[in-house]
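Data block below; observations after.
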Amino acid sequence: MKKIMKYQLRDMLIGYAVYAAVMILLTAVTISVSVINSNINLSVNGNGFSSVIFCFAGAIAMYKEQCQLAIQNSISRKDFFRSSFYVITILCLLCAFIDLVLRGISLGAALFSAETVNFDLSSFIFLFYPDFLERSSAATVTIAGFFISFLTCMLFAVLGFLIAGIYCRIPKKFRTFYCIALPVLFCGLTPAVSAFVLFSPGPLHNVMEPLVNLILFLDLMGTASGSPFRGMLTFTVLSLFMGWICYRILKKTEIA
């Protein structure tokens, strides 16, 4: 496993270095312009969201490009899966760390320039936990934000790994349809059907209302109780569950 993990780490760190350099450069340019021109108010927003997309795409590329290579070099599916998850975890930790660093730089720069503090992933998520923000210290909020950013990146990275696993598992003649249907399903049909079912009066609403009430009662994301740690636990369970499904798919994937 060390052999494939070393290769995956090197490949991943190259991509991460480029991503981190771009984000730091954007932040540096923004701060420089704001310091030089005090009447110009600039900010870099959405750092965490870009990290989620990067981890999602990186996991897809890792599975699709390296799975066949690993098996052809007599590396077992189990070792490839374990190595991939270790590397994905490291990648998500590094992305959460760079988000934290960029937020710290922006907060520091806001004291000396007209730059506004950027709005990142953890800021967006904490909108759902106002009570936690009020009763917690700045250090606790920072640590919680780091882990929320990490677990969100991890969730989407495992989702990307699963999507790539399904792609490699299905017959080649269905792969084009799969690539077209997936974004249509998740970005088009699912939101439209959900909105129609939840907001339309009639039998469908009566059927879905108990399910929605059950989800609210369980408070899986911790929004009702004001605790982000429930959300962290939910993200962890979902990541592990999708990882287990992906491993089952990997074991049955035939490599041409």
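Among the candidates Leu155, Leu151, single out the residue that is in contact with a Gly (Cβ under 9 Å, 6 or more places away or on another chain) and in a helix (DSSP H, G or I).
Numbers: Leu155 fails: in contact with a Gly (Cβ under 9 Å, 6 or more places away or on another chain).
Exactly one of Leu155, Leu151 is in contact with a Gly (Cβ under 9 Å, 6 or more places away or on another chain) and in a helix (DSSP H, G or I), namely Leu151.
Could you tell me whether Ser113 is at pLDDT below 75, open to solvent by less than 70 Å² (accessible area, probe 1.4 Å) and not in a helix (DSSP H, G or I)? Step through it out loud before you land on a result.
Details: at pLDDT below 75: yes; open to solvent by less than 70 Å² (accessible area, probe 1.4 Å): yes; not in a helix (DSSP H, G or I): yes.
Considered against the rule, which asks whether it is at pLDDT below 75, open to solvent by less than 70 Å² (accessible area, probe 1.4 Å) and not in a helix (DSSP H, G or I), Ser113 comes out as yes.
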(message) If Ser83 meets every condition in (1) assigned to a helix (DSSP H, G or I); (2) at pLDDT below 90; (3) more than 18 Å from the chain's Cα centre (by Cα) apart from one, which number is that one?
(response) (2)
(request) Quickly run through region 154-186 and pick out the residues that are touching a Ser or Thr at 6+ places or on another chain (Cβ under 9 Å) and farther than 14 Å from Met242 by Cα. (result) Cys168, Arg169
(message) On the basis of being under 23 Å from the mean Cα position of the chain (by Cα), of a type outside the set (Lys, Arg), surrounded by 11 or more Cβ atoms within 10 Å (Cβ to Cβ) and modelled with pLDDT of 70 or more, does Ser239 make the cut?
(response) yes
(request) Consider Val212 carefully, then state whether it is among the β-branched types (Val, Ile, Thr) and modelled with pLDDT of 75 or more. (result) no
(request) Please work out which one of (1) at pLDDT 85 or above; (2) on the phi > 0 side of the Ramachandran plot is the condition Leu250 fails and give its number. (result) (2)
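With respect to Ile98, determine if the residue is aliphatic (A, V, I, L, M) and open to solvent by 40 Å² or more (accessible area, probe 1.4 Å). Walk me through it before giving the result.
Working: aliphatic (A, V, I, L, M): yes; open to solvent by 40 Å² or more (accessible area, probe 1.4 Å): no.
No.
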(request) Within region 61-85, track down each residue that is open to solvent by 50 Å² or more (accessible area, probe 1.4 Å) and in contact with a helix residue (DSSP H, G or I) (Cβ under 7 Å, 6 or more places away or on another chain). (result) Lys64, Arg77
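The values are calculated or read from the model by the stated rules, or taken from the named source; none is laboratory data. Every value quoted in this text rests on a predicted model; they were computed, and no experiment measured them. No Cβ is skipped: glycine too gets one built from the backbone with ideal geometry, and neighbour counts run over all protein chains shown. The protein model used for the area step is the full one, side chains on, heavy atoms only, and it has no ligands, DNA or RNA in it. Shrake-Rupley method; radii C 1.70, N 1.55, O 1.52, S 1.80 Å.
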